[in-house]
1. Which residues, taken from the stretch 412-422, are in contact (Cβ under 8 Å) with a residue 12 or more places away in the chain and more than 20 Å from the chain's Cα centre (by Cα)?
2. With MET102, MET212 as the choices, which residue is under 18 Å from GLY236 (Cα atoms) and part of a loop (DSSP other than H, G, I, E, B)?
3. Going by the structure shown, is GLU133 assigned to a helix (DSSP H, G or I) and closer than 30 Å to PHE402 by Cβ?
4. Quick one: count up the residues across the stretch 56-74 that are free of Cβ contacts under 8 Å to residues at least 24 places away in the same chain and of a type outside the set (Gly, Ala, Ser).
5. May I ask you to list the residues in the stretch 83-127 that are surrounded by fewer than 24 Cβ atoms within 10 Å (Cβ to Cβ) and of a type in the set (S, T, N, Q)?
6. Being under 21 Å from ILE355 (Cβ atoms), touching a residue at least 40 places away in the same chain (Cβ under 8 Å) and assigned to a helix (DSSP H, G or I) narrows it down to one residue among GLY118, GLY127, GLY45; which is it?
7. Can you tell me which condition GLU331 does not meet? The list is (1) within 18 Å of ALA140 (Cβ to Cβ); (2) part of a strand (DSSP E or B), and all the others hold.
8. Can you tell me how many residues within the stretch 191-207 are within 25 Å of PRO275 (Cβ to Cβ) and in contact (Cβ under 8 Å) with a residue 60 or more places away in the chain?
Amino acid sequence: MSSRRTFFFGAAAAIAARPVARAANDKLRIAVLGVNGRGKDHIAGFMPQPDAEVVMLCDPDKSLLDKRSTEFEAKYGKKVQTEQDLRKVFDNKSIDAVSIAMPNHWHALAAIWACQAGKDVYVEKPGAHSIWEGRKLVEAAHKYNRIVQHGVQLRSSAAIQEAVSLLRKGVIGDVYMSRGLVFRWRPSIGKKAPEAAPDYLNYDLWTGPAEMEPFTRRIVHYNWHWTWKYGNGDVGNQGIHETDLCMWGLGVDTLPTKVTSMGGKFTFDDDKETPEVQTALYMYPGPVGKQKMIQFEVRHWNTNLEDGAGVGNLFYGKDGYMVIKGYDTFETYLGPKREKGPSGKAGGDHYANFIKAVRSRKTSDQNGPVETAHNASALAHMGAISMRVGRQLDFDPVKEQFIGDSEANKLLKRKYRAPFVVPEKV
């Protein structure tokens, strides 16, 4: 990095992070980082906002970047700036906020660098690739007074907000358990041998904080989700929406004290490392009537849909249960005869909510604040760690460490590849 960037991400970052004052009628200028999959949705989500606009696209894949910029100009009738190196985006003082849709292993570091640069952040789920770096993201957001919005869209759904409000009011009685479900059709990814990285891809930047390994089509682009160095399996992919809602609906804002998980590959002999089938149990202890439990299930391929909530949540109470379907629908069933109770279907605009909070500078305006990014992601990571070490684990939610298990604690944090390092002190 240049001397400018060395200074920027060093001890003087707090000075550099002072926000640039903008007139109330100025549009917020947003850069989208990562434009392969979710990045397309970020562009489509921000461009209709009346007081925001996407002005820059960033991706280490030059061919993908060129394709998206051409599509952007055709759709919106204006050119958009492009950049392969995200550090140059952070150096650009005309950028007010970044929207991060890069692979999981980049989420927390990119968001922390953005906070240090004085940019507000919309970051895709999971907010962090590990439990340790999720805590560092929270610290950075608070230290630099940045709005960091976690990309869990159901938090802005009017129907899901109503559903959680009804749970609080006792619509199904005292709620004792939640289940998160991710039953997605995930076919085989086959097997791909290493090869030379294509000229249009800056593979060093793509790899970023992860350990460098030979380029292979099994990871670039989408299938990195199923490799531990870059992704977190489906519980850390689609599942973060559901881990977040499990905690939100139960009314818990700390991590549990016990976790146990099992899983594996049952269907395909392919390059996936993460499980096709996984079940995790999380316990919040207490006296009878006060303890709570979360159950999380991942299944690929053919399966039943659990009252229609194949991707969704179930909440169980003394007097009934609630079904959350996707991002915008809920139903309740009451008593032993499963009589239908309140239901609803309504969406929301998570991007608009982010812009509102950026304008007001109030984290209380956010539907998906940075703490949700850490907690929802950490819950998924806890289950993955228990499965990988093969045993039930006790967890200290204050220290955010496993108790008496050095093997599990080694998986709380990755080894970073310089200069792409999440610092101890952000």
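1. As a first pass, look at the stretch 412-422 and keep what is in contact (Cβ under 8 Å) with a residue 12 or more places away in the chain: 412-417, 419-422.
Result: LYS415, ARG417, PRO419.
2. The unique qualifying residue is MET102.
3. Answer is yes for this residue.
4. 5
5. Correct list: GLN84, ASN92, SER94, GLN116.
6. After applying the criteria, what remains is GLY45.
7. In the conditions (1) within 18 Å of ALA140 (Cβ to Cβ); (2) part of a strand (DSSP E or B), GLU331 misses (1) alone.
8. 4
The values are calculated or read from the model by the stated rules, or taken from the named source; none is laboratory data. It should be emphasised that the depicted structure is a prediction, and the values quoted were computed from it without experimental measurement. Here Cβ is always computed from backbone atoms with ideal geometry, including for glycine, and neighbour counts include all displayed protein chains.
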